[in-house]
1. Hey, for a label at GLN20 modelled as a point 7 Å past Cα toward Cβ, could you say which residues of segment 57-84 have their backbone N under 13 Å away?
2. Between their Cα atoms, which of LYS63/LYS167; LYS90/LYS175; LYS139/LYS167; LYS139/LYS175; LYS76/LYS139 are more than 21 Å away from each other?
3. Lys and Arg at +1, Asp and Glu at -1: add these up for the other residues within a Cβ distance under 9 Å of LEU143 and post the number.
4. Quick one: Karplus J couplings for segment 50-57, per residue in order, coefficients 6.51, -1.76, 1.60, θ = phi - 60°, nearest Hz, x for Gly and Pro?
5. Short version: ³J(HN,Hα) in whole Hz for each residue of segment 85-93, in order, from phi by Karplus 6.51 cos²θ - 1.76 cosθ + 1.60 (θ = phi - 60°), x for Gly and Pro, what are they?
6. Give me the net charge for the shell around LYS63: Cβ to Cβ below 14 angstrom, other residues only, Lys and Arg +1, Asp and Glu -1.
Amino acid sequence: MFFKNRLTHFTDEELMQMMQQGSEVALVEIYQRYSAPLLRYFTRMLWHDAEVAQDFLQDLFVKVIDNPGRFNTSRKFSTWIYSIAHNMCKNAYRNKEHRDSAIIPIERHSHTDLNKLIDEQDFKNRLNFLLETLDDESKTLFLLRYEHEFDLEKISEILAIPVGTIKSRLFYLRKGLSQELQEYKIILKEGMI
C-alpha cells in the first residue's frame, strides 16, 4: 500500500520510464489517470457509441503496453497519448460504418425547476447536434479545448498544427456555434464552455 501511494507522486513521464523497465504498477497508475478522460474523448469523437469508445480505449492501452519504448520520456506523456487517440479517431473516420448508427444520448438531470431543465436540456441537445455536424478536425479541436481544457500549445502538438492556426480555427468555430445558438442568448467566448 505504501508503494502504491508513492506512485501518485511520480510524473506521467517517470511512470512511463518505469513501464519501459517492466513495471506493471506504473501501468496501473497511468491507466487510473487517463482511462476516464480518454473514454470521454473517444465517446464524444466516435458518435457517442459507448461500446466502440470502450474498444478504442482498450486498443489504445494495448498499444501503450505493447510498445512503451515508443514514448520519448523527454516529451509530455499527455500530448503523446492524445496524439495516438486522435490518430485512432482519424482512422475510424475513414471507415465510416459506425457513423450511420450515431445516437446522441439525452442526459438525465434532477433539477426541480422544470423550465430550467427543459432549457438546459434543449441547449445541450442542440450543442451536441451541432458538434456532430462539424467536420472531424473541428470537433476534435472543440473537445480538446473545451472538454479536456488543453492549452493551445498542447493542442498544437497533438494535432500537429501551428498555434496561430489553432487560435484562428477556435475563433471561427466559436463564432459559428454562437450564431447557431443565438436563440439561447449565449455568446461562446474563450474559456466560457
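1. 67-77
2. Beyond 21 Å: LYS63/LYS167; LYS90/LYS175; LYS76/LYS139.
3. Once positives and negatives cancel, what remains is +3.
4. 4, 5, 5, 4, 5, 4, 5, 4
5. Going residue by residue, I get 4, 4, 5, 5, 5, 4, 5, 5, 5 Hz, with x marking Gly and Pro.
6. Surrounding charge for LYS63 is -2.
All of the numbers you see were taken from the coordinates with simple rules; none came from a lab. Keep in mind it's a predicted model, so treat the numbers as computed, not measured. Reconstructed Cβ throughout: ideal geometry from the backbone, glycine too, with neighbour counts over all protein chains shown.
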